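A.B. asks: Here it is, the structure in full.
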Amino acid sequence: MSEGLLASWFEPRDSNRFVLRVAERRGGRWSTPATVVERDNFFVNWADFPSVVESGGGRWVVHWLEKTAAKSYAYHVRMSVSADQGKTWTEPATPHSDRSDTEHGFATLLPRGDGGADLLWLDGRQAAAGPGQAAMALAFGTIGSNGQVGPDRLLDGRVCDCCQTALARTGSGLIAVYRDRTEAEVRDISVTRLVNGAWTDPKPVAQDGWVYRACPVNGPSLAAEGSRVAVAWYTEAGGDPRVSLAWSADAGAAFTRPIRVDDGSPIGRSEVELHPDGSALVIWLERVRDHAEWRVKRVRPDGRVAGRWTVAAAPATRAAGFARAAVLDGALFVAWTAPEPAGGVRIHRFPIP
């Protein structure tokens, strides 16, 4: 896989119809946006949005959500692959075997060297069984370089309903983190790993003990390189809102005690990237009086802060969406949705000393 950046977003055609676009940044310039699909049945949501990754052989793999019924929360994950930088795309495919008119979303794509991708998503198939069986599940699947999907499996049968998932590849295999949900409504962050062909039993990254009787829509983020893993997440355990960061030196088998990253009044919506020097770059939304700011801290494994930046002002509401980031050529790139009236997706580059 070559070194570059890909961005994806929706552009409105009218009140109901949207176009899914992707663009590539290479050699310091962004390409002309390419159209993936145009639909009037996209599921467009402030927290659950499309994504694109570059896989082996220069293939692009993209995902989005499509409504399947008139009710509010009935939609499926859809995927397509391009072998020619977005000029043509494979016929859209659905990675989950379940076709019930329930929720399937918050997908995370992870490129593979063979041109396909692994993916993780929240799966509502258990809701089709009727009342009392409605717990959201965490599912895993694959798509090949030709756009054909592989078998899917459930990794956890009871998870938080609408928090983002995260998936990464370590030197020992795949690792997934997500917000779990116990019968007592404890909504802490859990981890499961693919070891010797089998997924491990989920276990907490940290014992926060956050009891919350609704979905906070505030999932964890994950970055990995070799055996190093960093996880960032939001919690309000003990009535203390905070963004936490924990490290692992053994590919996620065990994690350090979490350290606090935020500046005292976080909204959360964290993102994390690893820097080659061993530090983590954590992005989150911080409340500032009547608005909010996207902020970044560069944190070393011992907890020392090696740098900090403010990305941009944002509304302290759902309109701020979720920021996304990537490290490339010694710089941190952060993408976020600008508020109206200017609007649009913005991407800022921060050189890292």
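The values are calculated or read from the model by the stated rules, or taken from the named source; none is laboratory data. These numbers come from a predicted model, not from an experiment. We place every Cβ from the backbone using ideal geometry, glycine too, and count neighbours over all the protein chains shown. These area figures cover heavy atoms from the full protein model, side chains too; ligands, DNA and RNA do not enter into them. Shrake-Rupley method; radii C 1.70, N 1.55, O 1.52, S 1.80 Å.
A.B. asks: Using bins 5 angstrom wide from zero, how does P(r) for the range 263-326 break down, in % of all Cα pairs?
C.D. replies: 4, 19, 29, 23, 14, 8, 3, 0
A.B. asks: Also, quick follow-up: What fraction of the Cα pairs in the range 181-282, stated in percent, has a spacing above 21 angstrom?
C.D. replies: Beyond 21 Å sits 34 percent of the P(r) for the range 181-282.
A.B. asks: Using 0.36 nm per residue, how much length does the chain from Trp46 to Glu66 gain when fully extended, once their Cα-Cα distance is taken away?
C.D. replies: Full-extension gain reported as 5.7 nm.
A.B. asks: Just how many % of Cα pairs in the chain lie over 34 Å apart, if you round to the nearest whole percent?
C.D. replies: Every Cα pair in the chain considered, those over 34 Å come to 20 percent.
A.B. asks: On a straight-distance basis, which aspartates and glutamates could pair with Lys67 in a cross-link, Cα separation under 19 angstrom, same-chain partners fewer than 8 positions away excluded?
C.D. replies: Output for Lys67: Glu11, Asp14, Glu38, Asp40, Asp48, Glu91, Asp98, Asp101, Glu103, Asp123, Asp161.
A.B. asks: So, by mean Cβ neighbours within 10 angstrom, what's the order for 64-74, 24-34, 221-231 with the highest one leading?
C.D. replies: With the highest mean Cβ count within 10 Å placed first, the list reads 221-231, 64-74, 24-34.
A.B. asks: Roughly how many Å is it from the Cα centre of the range 1-58 to that of the range 300-332, as a whole number?
C.D. replies: Here the two parts' Cα centres lie 21 Å apart.
A.B. asks: For Asp277 and Arg153, calculate 0.36 nm times their separation in residues minus their Cα-Cα distance, and state this gained length in nm to one decimal.
C.D. replies: 41.0 nm
A.B. asks: Continuing with the same structure: I'd like to check one number: the per residue accessible area of the chain, probe 1.4 Å, reported in Å² as a whole number.
C.D. replies: Computed with neighbouring chains in place, this is 42 Å² per residue.
A.B. asks: Right, another one. Between Ser97 and Trp30, what length in nm is gained on full extension when 0.36 nm per residue of separation is reduced by their alpha carbon distance?
C.D. replies: Value of the extension gain: 20.5 nm.
A.B. asks: How many percent of the accessible area of the range 80-146 is carbon or sulfur, using a 1.4 Å probe?
C.D. replies: After summing per-atom areas, the C and S share lands at 49 percent.
A.B. asks: Taking the Cα-to-Cβ direction at Glu38 and at Glu3 and moving 7 Å from each Cα, how far apart do the two end points lie in nm?
C.D. replies: A separation of 3.7 nm, rounded to one decimal place.
A.B. asks: What is the projected area of the convex hull of the Cα atoms of the range 291-353, averaged over all directions, in nm²?
C.D. replies: 4.9 nm²
A.B. asks: Report in % the part of the accessible area of the range 198-324 that belongs to carbon and sulfur, leaving out ligands and nucleic acids; probe 1.4 Å.
C.D. replies: Carbon-and-sulfur percentage of accessible area, whole number: 46.
A.B. asks: Quote the FRET efficiency, to the nearest 0.05, computed for Leu328 versus Asp201 with a Förster distance R0 of 30 Å and r equal to the Cβ-Cβ distance.
C.D. replies: 0.25
A.B. asks: While we're looking at this one, here's another question. Within the range 273-353, report the trypsin sites (Lys or Arg not before Pro) that DSSP leaves as loop and that have at most 15 other Cβ atoms within 10 Å.
C.D. replies: Loop-located and lightly packed - Arg289, Arg304.
A.B. asks: Report the label-to-label distance for Asn16 and Glu340 in nanometres (one decimal), using points 7 Å from each Cα along the Cα→Cβ vector.
C.D. replies: 2.0 nm
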